[in-house]
Amino acid sequence: MTVEIALVFLIIACALYLFATQKLPIDITALGIMVTVMAVPLIFHSQWLVERGVNLKAAFPDISEGLSGLANPATVTVLCMFILSGGIQRSGMIHLLAKKLIPLVGKSEIRELIIIGALIGLISGFINNTAAVAIAIPLMLDMSRRRNFTASRVLIPLSFFGMMGGTLTLIGTSTNILTSSILEDSADFGRSLGMFEFTHIGLIILAVGLLYFLTIGRLLLPRRDARPVANEKEEEFVVELAIGRNSELVGQRIEDTDFEEDTGADVLKLNRGRKSWTDEAKATELKAGDILIVHATVRQIMDLVTDDRVEVLSDFDRTQAARMDSQVVPILLRNRRVFDGRTAPEVDFWKQYEARLIGLDTRKVRARRLADEELHVGEVVLVALSKEALTRLHRSFDVVVLDEYRDYFGSGRMLTAAGIVVAVVMLAALTPLPIVLTALGGVIAMVVTGCIASRDMYEDVSWDVIFLLAGVIPLGIAMTKSGAADWVGSLIAMHAVGWHPVLTLMALYATTTVLTEMVSNNASAVILVPIAISLSEKLALEPLTLVLAVMFAASTSFLSPIGYQTNTMIYGTGALKFTDFARVGAPLNLILMVVTSCALYWIGV
């Protein structure tokens with residue numbers, strides 16, 4: 001071992017300690033690595049050391065190489081994928097898919113697992129899997145509450161399927177993109193990975209994971225939550241729903257249907273002509289023309305707008321249904337002269353602001369109809385209006401515009417956002433254009449088409465992941481330039497000479513899994529991918545086979561909430577204990593270690 005290699009290992013040891021203990025945020029640790037590998041040759045290089053065979057400048061990255069992580073195609077591509085995922089999220093496509101599929105679950109846990117596997121697993125291959133899981137967590141928590149499921153039995157499959165789905169394509173996870181970049185820079189490989197080059201192996205991983213959860217895994221899932229999960233409290237409003245002549249609710253009682261369970265709305269009152277029912281509202285048979293007064297969150301109201309069973313009334317008028325292409329905005333009333341003591345028809349929101357009033361922020365409905373409720377300064381109401389009208393409303397002194405709920409409205413935005421992501425994937429797969437270029441074009445298209453606002457796009461980026469990538473990439477350069485990767489590869493090759501290649505793959509897979517739990521998926525890939533390339537030369541094996549074993553292991557480490565972001569996210573809900581991950585994840589990791597290694601060797605890429 002040379003002095004240069006020893007210094008690289010010393011830096012790695014310090015990095016592993018800081019990553020494992022999290023005494024510093026992982027992105028700060030990564031930036032510290034970047035600074036250190038650039039500073040070592042500048043501070044300690046000397047002619048005296050060179051004369052004694054220690055050339056630090058040749059072994060460590062220079063300033064340009066050290067900063068290359070910030071402009072590396074992997075870093076830029078991951079950043080773009082976060083923004084593209086944000087565009088999909090804000091379009092409401094994931095929410096709509098979940099809303100359509102969740103009713104199919106019923107009370108069956110097996111159907112629930114199949115739907116989570118199909119929905120999250122497949123989607124995670126085409127948008128960043130961390131973003132897919134982040135979008136799905138509130139939906140899964142809401143489903144578990146409505147269906148009376150144990151939240152932890154939903155959250156673990158959600159995270160694990162997100163990780164396994166990320167192995168389907170190049171853009172499924174940042175680890176895949178980073179590995180592709182390392183391979184492209186390697187003299188022994190010299191090209192990036194194709195978009196669907198390893199999809200067949202990813203499908204095997206996803207299928208095995210689904211089979212595992214339908215059999216062994218289901219028995220290992222927690223029986224109860226570590227503590228009750230409190231859903232993030234969303235602002236709620238009272239709205240009026242009209243029962244149309246062709247509604248399937250006609251002739252039924254609310255308590256006999258799944259309406260409240262499906263929509264999440266709470267029925268408070270039923271009005272029919274001059275008659276009203278409060279206590280018996282859910283037990284009264286509905287007729288065409290009835291008006292239901294319900295309590296619901298903003299997002300539930302937006303779903304009700306598209307529900308064929310009811311019409312959300314605007315301005316509390318039987319003839320005015322809320323438009324599906326509007327933006328929904330809570331506003332604070334602040335002009336006493338305009339609002340105090342007046343009802344909605346008296347204010348006439350359409351005439352004053354070109355907005356339709358659709359909800360009041362009240363739990364107790366005092367009047368028979370919401371149109372008779374008096375408004376007061378300081379109250380919050382919900383309005384639907386166009387983008388142009390919203391711009392004018394921002395300038396009004398009568399109200400204060402609060403949050404703008406654009407995320408789940410408009411099928412046009414959904415189709416546009418989905419079309420952009422499909423175009424990014426297909427252009428990278430079918431043309432010579434690299435994924436970084438198509439992803440950058442996709443970001444521009446998302447902003448130009450209005451799928452995501454320029455002020456919102458940076459909010460969707462997980463900057464800690466970006467700086468983690470930028471910081472650890474120079475460490476990979478130091479591993480290669482110093483000869484550390486070759487040295488470790490030779491050491492392993494000495495012991496693995498007589499091994500069957502499948503055993504070598506399994507050993508590399510297991511090493512990556514353990515290391516990922518101590519550091520992170522991207523850090524372990526940066527350390528082990530150069531070693532895998534060097535090892536392939538020593539053992540005369542296909543380098544891509546060994547590299548993919550590292551990549552898949554880094555992307556599917558289930559043993560703790562530390563190794564992967566999606567596990568950390570579900571652990572943050574409070575529903576899971578630390579040991580739940582190892583109990584469910586360890587058998588799956590062992591199974592995938594064998595299955596992935598065998599598939600890579602016998603099926604190949």
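Quick notes on this structure:
- The angle between the Cα long axis of helix 199-214 and the main principal axis of the chain comes to about 60°, on a 0 to 90 degree scale.
- Acute angle (nearest 10 degrees) that the helix 411-430 long axis makes with the longest principal axis of the chain, alpha-carbon atoms: 20
- Angle between the chain longest axis and helix 501-518 axis [Cα atoms, degrees, rounded to 10]: 60
- Pairwise label distance in nanometres, Glu65 with Glu346, each label 7 Å out on the Cα-Cβ vector: 7.7
- Using just its DSSP H runs of length 4 or more, each adding -39500 (n - 2.57), the chain gives a mean residue ellipticity at 222 nm of -17500 deg cm²/dmol after division by all residues.
- Accessible area of Leu206 (1.4 Å probe, protein heavy atoms only, ligands and nucleic acids ignored): about 20 Å².
- Where Ser454, Ser192 fall by accessible area, highest first, once all protein chains stay in place (1.4 Å): Ser454, Ser192
- Taking the 1.4 Å solvent-accessible surface of the chain as the whole, the part contributed by carbon and sulfur is 59%.
- Using heavy atoms of the protein chains and a probe of 1.4 Å, the accessible area assigned to Cys14 is about 70 Å².
- Solvent-accessible area per residue for the chain (1.4 angstrom probe, square angstrom): 42
- Quick note on the chain: its Rg to Rh ratio, both from C-alpha atoms and Rh being the Kirkwood radius, is 1.06.
- Calculation over all alpha carbon pairs of region 479-605 in 10 angstrom steps from 0 returns a P(r) of 14, 42, 30, 12, 2 percent.
- Cα convex hull of region 520-568 - mean projected area over all directions, nm²: 3.2
- Heavy-atom accessible surface of Glu388, to the nearest 10 Å², is about 110 Å², with a 1.4 Å probe and all protein chains retained.
- The coefficient of translational diffusion for region 104-204, derived via Stokes-Einstein from the alpha carbon Kirkwood radius under 10 °C and 1.306 mPa s, stands at 110 µm²/s.
The values are calculated or read from the model by the stated rules, or taken from the named source; none is laboratory data. A quick note: this is a predicted structure, and the numbers were derived from the prediction, not measured. Cβ sites come from the backbone with ideal geometry, for glycine too, and all protein chains shown count toward neighbours. All accessible areas refer to the heavy atoms of the entire protein, side chains included, with ligands and DNA or RNA removed. Shrake-Rupley method; radii C 1.70, N 1.55, O 1.52, S 1.80 Å.
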